[in-house]
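J.: Starting off with a structure, shown below.
The values are calculated or read from the model by the stated rules, or taken from the named source; none is laboratory data. What you are looking at is a predicted structure, and each value in this text was computed from that prediction instead of being measured. No Cβ is skipped: glycine too gets one built from the backbone with ideal geometry, and neighbour counts run over all protein chains shown. These area figures cover heavy atoms from the full protein model, side chains too; ligands, DNA and RNA do not enter into them. Shrake-Rupley method; radii C 1.70, N 1.55, O 1.52, S 1.80 Å.
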Amino acid sequence: MTAFGHILNVEDARRAARRRLPFGLFEYIDRGTEDEVAIAGNRAGLDAIKLAPSVLIDITQRSPEAEIFGIVQPSPLIIAPTAVAGLVWHDGEIALATAAAQAGIPFCVSTQSITPIERIADESGARLWFQLYVWKSRERTLALIDRAAKAGAEALVLTVDTAVGPVREYNIRNGFGIPLKPSLRAGIDLVLHPRWTLDVMLRAILASGVPTYAHYPDEFRTKLGRTALSTEVDLAPDVTWDDVRLLRRRWKGKLILKGILTVEDARTALDHGVDGIVVSNHGARNLDCAPGPTDVLPAIVAAVGDKIEILADSGVRRGADIARFIALGAKGVMIGRATLYGVAIGGAPGASRVLDLLHQQLSATMGMLGARRLSDIRLA
Ligand SMILES: Cc1cc2nc3c(=O)[nH]c(=O)nc-3n(C[C@H](O)[C@H](O)[C@H](O)COP(=O)(O)O)c2cc1C
């Protein structure tokens, strides 16, 4: 048995992460928004998709290999950008990127990463994408993407579904937020989770101060955990298609819009020369009345699927969920929480365990479906 032989599925990893992480941090990762209607909707939407099994097919040579933006990879997965992944494990972003490199898939670094992209690139050797939240200062935003390009990011992923800060009441109740603020509740949480407190928080404090966003310009950061000392790096509330034009002119690599949920926006993205879109409701974390990606993916694929690369995410917990998104026409699938649970319980090996499980489950699903390649997976 491997070190994580007792973790047999994503839910096992989730339960183990729940025990290990402070409650406020676990809920920040795990939960949705408002009444959490969308989180249940994502699950129900995926469960409702049935796939067609073809029998009596030799599936000995089956493979979930995928080609995304012209690059062949062993599976259709990409690790999604997740803010503060570096809080769930010491240097958590490097651990996630290391697991991605081992699986031969890209790791998407968040603007709100705790570890700077340069260190992630140096220490993981992973193929990197860079996720962008546009700051009020467009000049600083362009400087940030230049920095990502210099660090070797292949793709820029502009997140377009977070125009305002999401309503997450549990974070307020738990006293969880960035900057991290001391409170009685947070203090009790730390005492109750000593392994995390010592292995993650204390190590980070000793190395470089209270963890904070690494991509803010140096002059705007302090070691005291304050996110920013200037509104220049506040998230811009006025991001429009003009910004897509601006980024398209500046960014030489692949440009992807993440968080598209309508056919009209997918067409407009195409008109602006983007290379791909992620059909996503942000893991049901932002707009509680948003459709699930499964509701809108078929129409978006029919409209623009032959012209741009279409990826999907939100709600993947098993290999069958990946197969479902592929059957609806996605070329690739992003994984958010599942690998975060994995890294939370054991760094890179924990994240690798989750990626391996998803790979094995996808392979088993393909075998049952008589699908030798991803393109053989069909809706029932
Ligand atoms: C803790 C956490 C932080 C996230 N931070 C970001 C982020 O900084 N930028 C972004 O575009 N998406 C972010 N997301 C959304 C993910 O990229 C992805 O769309 C979502 O997690 C997919 O759903 P899943 O978690 O069900 O796989 C975050 C998700 C989680 C769980």
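J.: Check off (1) without any contact (Cβ under 8 Å) to a residue 60 or more places away in the chain; (2) more than 19 Å from the chain's Cα centre (by Cα) for residue 120 and give me the number that stays unchecked.
T.: Tallying (1) without any contact (Cβ under 8 Å) to a residue 60 or more places away in the chain; (2) more than 19 Å from the chain's Cα centre (by Cα), residue 120 fails exactly one: (2).
J.: Filter the range 35-70 down to the residues that are closer than 19 Å to residue 280 by Cα and in contact with a helix residue (DSSP H, G or I) (Cβ under 6 Å, 6 or more places away or on another chain) and list them by number.
T.: 38, 39, 42, 45, 46, 49
J.: State all residues of the range 255-314 that are under 21 Å from residue 131 (Cα atoms) and hydroxyl-bearing (Ser, Thr, Tyr); if no residue qualifies, say none.
T.: 262, 268, 280, 314
J.: Give me the strands (runs of 3 or more DSSP E) completely within the range 8-80, filtered to those with at least 3 residues that are open to solvent by 40 Å² or more (accessible area, probe 1.4 Å) and hydroxyl-bearing (Ser, Thr, Tyr), ordered by residue number.
T.: Working: elements: 66-68, 71-73, 77-79.
Per the criteria, no element qualifies.
J.: Residue under question is residue 242, and the condition is that it be in a helix (DSSP H, G or I) and free of Cβ contacts under 8 Å to residues at least 24 places away in the same chain; does it hold?
T.: Details: in a helix (DSSP H, G or I): yes; free of Cβ contacts under 8 Å to residues at least 24 places away in the same chain: yes.
It is true that residue 242 is in a helix (DSSP H, G or I) and free of Cβ contacts under 8 Å to residues at least 24 places away in the same chain.
J.: Ok, one more. What tally of residues in the range 169-193 results from selecting those that are more than 27 Å from the chain's Cα centre (by Cα) and open to solvent by 40 Å² or more (accessible area, probe 1.4 Å)?
T.: Of the range 169-193, the ones more than 27 Å from the chain's Cα centre (by Cα) are 182-185, 187-188, 191-192.
With open to solvent by 40 Å² or more (accessible area, probe 1.4 Å) added as a condition, the list becomes 182-185, 188, 191-192.
So the count comes out to 7.
J.: Out of the residues in the range 293-329 that are among the β-branched types (Val, Ile, Thr), under 18 Å from the mean Cα position of the chain (by Cα) and more than 14 Å from the ligand (Cβ to nearest atom), state the one that is surrounded by the fewest Cβ atoms within 10 Å (Cβ to Cβ). Working first, answer last.
T.: Initial filter on the range 293-329 (among the β-branched types (Val, Ile, Thr)): 294, 296, 300-301, 304, 308, 310, 316, 322, 326.
In the following step, the residues that additionally are under 18 Å from the mean Cα position of the chain (by Cα) were identified as 294, 310, 316, 322, 326.
Now narrow it down to the ones that are more than 14 Å from the ligand (Cβ to nearest atom): 310, 326.
Numbers: 310: 24, 326: 26.
Looking at residues that are among the β-branched types (Val, Ile, Thr), under 18 Å from the mean Cα position of the chain (by Cα) and more than 14 Å from the ligand (Cβ to nearest atom), I get 310.
J.: List every residue pair whose Cβ atoms lie under 6 Å apart, where the two residues are 6 or more positions apart in sequence or sit on different chains, the first residue falls within the range 4-17 and is of a type in the set (A, V, I, L, M, F, W, C), and the second residue, located anywhere, is open to solvent by 60 Å² or more (accessible area, probe 1.4 Å).
T.: Matching pairs, first to second residue: 10/317.
J.: What are the residues in the range 156-177 that are closer than 24 Å to residue 16 by Cα and within 15 Å of the ligand (Cβ to nearest atom), if any?
T.: 168, 170, 171, 174, 176, 177
J.: Would you confirm whether any residue within the range 268-275 is aliphatic (A, V, I, L, M), buried (at least 21 other Cβ atoms within 10 Å of the Cβ) and modelled with pLDDT under 95?
T.: Looking through the range 268-275, none of the residues is aliphatic (A, V, I, L, M), buried (at least 21 other Cβ atoms within 10 Å of the Cβ) and modelled with pLDDT under 95.
J.: Okay, moving on. Out of 75, 110, which single residue is within 12 Å of the ligand (Cβ to nearest atom) and among the hydroxyl-bearing types (Ser, Thr, Tyr)? Show your work before the answer.
T.: Working: 75 fails: within 12 Å of the ligand (Cβ to nearest atom).
110 is the lone residue from the list that is within 12 Å of the ligand (Cβ to nearest atom) and among the hydroxyl-bearing types (Ser, Thr, Tyr).
J.: Further, regarding this structure: Cβ-Cβ distance below 8 Å, separation of 6 or more or different chains: which pairs start in the range 172-196 with a residue that is without any contact (Cβ under 8 Å) to a residue 40 or more places away in the chain and end on one that is part of a helix (DSSP H, G or I)?
T.: 177/171; 191/197
J.: Regarding residue 290, is this residue open to solvent by less than 10 Å² (accessible area, probe 1.4 Å), aliphatic (A, V, I, L, M) and either within 16 Å of the ligand (Cβ to nearest atom) or over 24 Å from residue 360 (Cβ atoms) (or both)?
T.: No, not satisfied.
J.: What is the number of the single condition among (1) open to solvent by 10 Å² or more (accessible area, probe 1.4 Å); (2) touching a strand residue (DSSP E or B) at 6+ places or on another chain (Cβ under 8 Å); (3) of a type in the set (S, T, N, Q) that residue 352 does not meet?
T.: (2)
J.: In the range 63-75, is there at least one residue being in contact with a Cys (Cβ under 9 Å, 6 or more places away or on another chain) and not aromatic (Phe, Trp, Tyr)?
T.: To start, the set of residues in the range 63-75 that are in contact with a Cys (Cβ under 9 Å, 6 or more places away or on another chain) comprises none.
No; the residues of the range 63-75 include none that is in contact with a Cys (Cβ under 9 Å, 6 or more places away or on another chain) and not aromatic (Phe, Trp, Tyr).
J.: Sticking with this one: Just wondering, is there one or more residues in the range 90-112 that are closer than 25 Å to residue 331 by Cβ, out of contact with any Cys (no Cβ under 9 Å at 6 or more places or on another chain), open to solvent by 50 Å² or more (accessible area, probe 1.4 Å) and among the polar types (S, T, N, Q)?
T.: Yes, the range 90-112 has at least one match.
J.: Could you list, in sequence order, the residues of the range 81-104 that are away from the ligand (no atom under 14 Å from the Cβ) and not in a helix (DSSP H, G or I)?
T.: At the first step, the residues of the range 81-104 found to be away from the ligand (no atom under 14 Å from the Cβ) are 90-91, 94-95, 97-99, 101-104.
Passing the criteria: 90, 91, 104.
J.: Which of the residues that make up the range 330-339 are part of a helix (DSSP H, G or I) and open to solvent by less than 10 Å² (accessible area, probe 1.4 Å)?
T.: Of the range 330-339, the ones part of a helix (DSSP H, G or I) are 337-339.
Passing the criteria: 338, 339.
J.: When the residues of the range 113-152 are narrowed to those that are assigned to a strand (DSSP E or B) and either within 14 Å of the ligand (Cβ to nearest atom) or under 17 Å from residue 84 (Cβ atoms) (or both), which ends up modelled with the lowest pLDDT?
T.: Among those that are assigned to a strand (DSSP E or B) and either within 14 Å of the ligand (Cβ to nearest atom) or under 17 Å from residue 84 (Cβ atoms) (or both), it is 135.
J.: Being part of a loop (DSSP other than H, G, I, E, B) and either within 17 Å of residue 30 (Cβ to Cβ) or touching a strand residue (DSSP E or B) at 6+ places or on another chain (Cβ under 6 Å) (or both) is the filter here, so list the residues in the range 155-177 that pass it.
T.: So the first thing to find is which residues in the range 155-177 are part of a loop (DSSP other than H, G, I, E, B), and the list is 160-168, 175-177.
Correct list: 160, 161, 166, 167, 168, 175, 176, 177.
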